1. Run down V123, V129 and say which single residue is within 22 Å of N195 (Cα to Cα) and at pLDDT 95 or above.
2. State which residue pairs qualify: first residue farther than 22 Å from T167 by Cα and inside segment 113-134, second residue assigned to a helix (DSSP H, G or I) and of a type outside the set (V, I, T) in any location, beta carbons under 7 Å apart, and separation of 6 or more residues or different chains.
3. Suppose the filter is of a type in the set (G, A, S), farther than 17 Å from Y170 by Cβ and not in a strand (DSSP E or B); does S136 pass it?
4. Among the residues of segment 170-190, how many are in contact with a helix residue (DSSP H, G or I) (Cβ under 7 Å, 6 or more places away or on another chain), assigned to a strand (DSSP E or B) and of a type outside the set (S, T, N, Q)?
5. State which residue pairs qualify: first residue modelled with pLDDT of 95 or more and inside segment 76-102, second residue assigned to a helix (DSSP H, G or I) and open to solvent by 70 Å² or more (accessible area, probe 1.4 Å) in any location, beta carbons under 8 Å apart, and separation of 6 or more residues or different chains.
6. Quick check on V46: is it among the β-branched types (V, I, T) and modelled with pLDDT of 85 or more?
7. For segment 175-206, enumerate the residues that are of a type in the set (S, T, N, Q) and buried (at least 16 other Cβ atoms within 10 Å of the Cβ).
8. Could you check segment 98-119 and list, in sequence order, the residues that are open to solvent by less than 30 Å² (accessible area, probe 1.4 Å) and more than 29 Å from the chain's Cα centre (by Cα)?
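The values are calculated or read from the model by the stated rules, or taken from the named source; none is laboratory data. For clarity, every value in this text was computed on a predicted model and none was experimentally measured. FYI the Cβ positions are ideal-geometry reconstructions off the backbone, even for glycines, and counts take in every protein chain you see. To get the accessible areas, we keep the full protein, side chains included, count just its heavy atoms, and leave off ligands, DNA and RNA. Shrake-Rupley method; radii C 1.70, N 1.55, O 1.52, S 1.80 Å.
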Amino acid sequence: MIIKNIEAKIRLATFIAGASLIAALLMVVAVSFFAYKQVSNARKSVYILDAGNVPMSASQTDVEVNRPVEYRTHINLFHSLFFTLAPDEKFIEYQMKKAMYLIDESGALQYNNLREKGFFNSVLSSSSVLTIQTDSIHVDPVKKYFKFYGKQTIDRRSSTVIRSLVTEGYLRDLEMRTENNGHGVLITRWKTLENKDISYVQKNNF
């Protein structure tokens, strides 16, 4: 009888010890989970000091959430640099140099083709001012494909020409962002689908 009581007490003690261990492990897991959640939420809270050194709360979001917007901004910036020109050789070189940081060799190929055809010399000789207006940018974030729709205005001494511009290409994410490529994106396989006159206005020269 005494042996049976001792065995029952041992089983009870073992059960209580096992249950206590399991309960302790569950508590540790639960505390770790809530602590991690609290730290993650805290990291999303960013405080910015305004001009009066007053802290203002801001929210941090996942990079992927805002990526399509960055893609469109990058595409718009490249087209603005590449297609905005003035009759100034230094300015043209500056625009092309900045644009080439945003694109792969397909951009350099188009630039060299235009230069060989005398396009930039004609801009200088005719004192043309070229500007670009973005109509829309379609981006497929999954396929990393884009299509750009815009209008380019060529303002010469004798006339003003408006051209319809449609280009397409693909996007490649870079591992790091730099001063010359703040979005960490590279345009690849870029080509022009359409570049035709849609308006021509002759100027009166007196």
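1. From the options V123, V129, the qualifying one is V129.
2. Final answer for the pair search is L124/E89.
3. Answer is no for this residue.
4. The qualifying residues number 5.
5. L85/F91; L102/L77
6. Working: among the β-branched types (V, I, T): yes; modelled with pLDDT of 85 or more: no.
No, not satisfied.
7. Listed by number, the list holds a single entry, N181.
8. Of everything in segment 98-119, just one residue is open to solvent by less than 30 Å² (accessible area, probe 1.4 Å) and more than 29 Å from the chain's Cα centre (by Cα), namely G118.
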